[in-house]
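Read through the structure below, which is laid out as structure tokens, and then see the notes.
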Amino acid sequence: MSEQPFTHQQLFNLKLETIEQRLMEYYQETQNGTMTIKLLLALRVRYQLGAKEFALVLQDLVRYLFMNTKATKTMKQFFWYFVDYFETSELRILGLKLNPVRKFIEKTKSLIQSQIAKLFSSETEPDAT
């Protein structure tokens, strides 16, 4: 079962229990987190289209993939679609895990900008003497 376990029609027509079972089997056999996340994202689309039973489909699997596996490009790209699967404290940890360089650059950039702003504001103030 190394190929994709669903056709497009199956993703949007199969019952919840069938999809959950097949998707769990697929991940257990292949350990392919990238494809699993993409399939879970398709199920999020199904939920958004009105299938309310798919609200937090395979929540344990989603949490495991994001919290316990190596961060992949796909995880970084689609993380925000799965925010409601996590608690607020976990979101901060995951944000740092998935975007550590970006966070460092943003903090460094804001620090440098504040130092430059202080420098320019002190140069433009008139002398008090």
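Accessible surface area normalised per residue over the chain is 70 Å², counting heavy atoms of protein chains with a 1.4 Å rolling probe. Structural descriptor for the chain: relative contact order 19 percent, calculated from alpha carbon pairs under 8 angstrom and at least 6 residues apart. Between beta-carbons, use under 15 Å as the cut-off and find the net charge around Gln10, counting Lys and Arg +1, Asp and Glu -1. With Lys, Arg at +1 and Asp, Glu at -1, the neighbours total 0. Could you count how many Lys pairs in the chain have their Cα atoms under 26 Å apart, skipping same-chain pairs fewer than 8 positions apart? So the count works out to 25. Counting only protein heavy atoms and a 1.4 Å probe, tell me what percentage of the chain's accessible area is made up of carbon and sulfur. It is 55 percent, rounded to a whole number. The phi torsions of the stretch 54-59, fed into the Karplus equation with coefficients 6.51, -1.76 and 1.60 and a -60° offset, translate into couplings of 9, 3, 10, 4, 6, 4 Hz, rounded to whole numbers, with Gly and Pro shown as x. Phi angles of the stretch 30-36 translate, via the Karplus equation with coefficients 6.51, -1.76, 1.60 and θ = phi - 60°, into HN-Hα couplings of 9, 6, 8, x, 4, 5, 4 Hz per residue; Gly and Pro are given as x. Near Phe54, once Lys and Arg are set to +1 and Asp and Glu to -1 for all other residues with Cβ below 12 Å from its Cβ, the sum equals +1.
The smallest convex shape that holds all Cα atoms of the chain, its convex hull, gives 151 Å³ per residue. Principal axis analysis of the Cα atoms in the stretch 57-100 yields extents of 26, 20, 18 Å, listed in decreasing size.
The values are calculated or read from the model by the stated rules, or taken from the named source; none is laboratory data. Quick caveat, the model's predicted, so the values are computed rather than measured. Counting neighbours? That spans all protein chains shown, and the Cβs are built from the backbone with ideal geometry, glycine included. These area figures cover heavy atoms from the full protein model, side chains too; ligands, DNA and RNA do not enter into them. Shrake-Rupley method; radii C 1.70, N 1.55, O 1.52, S 1.80 Å.
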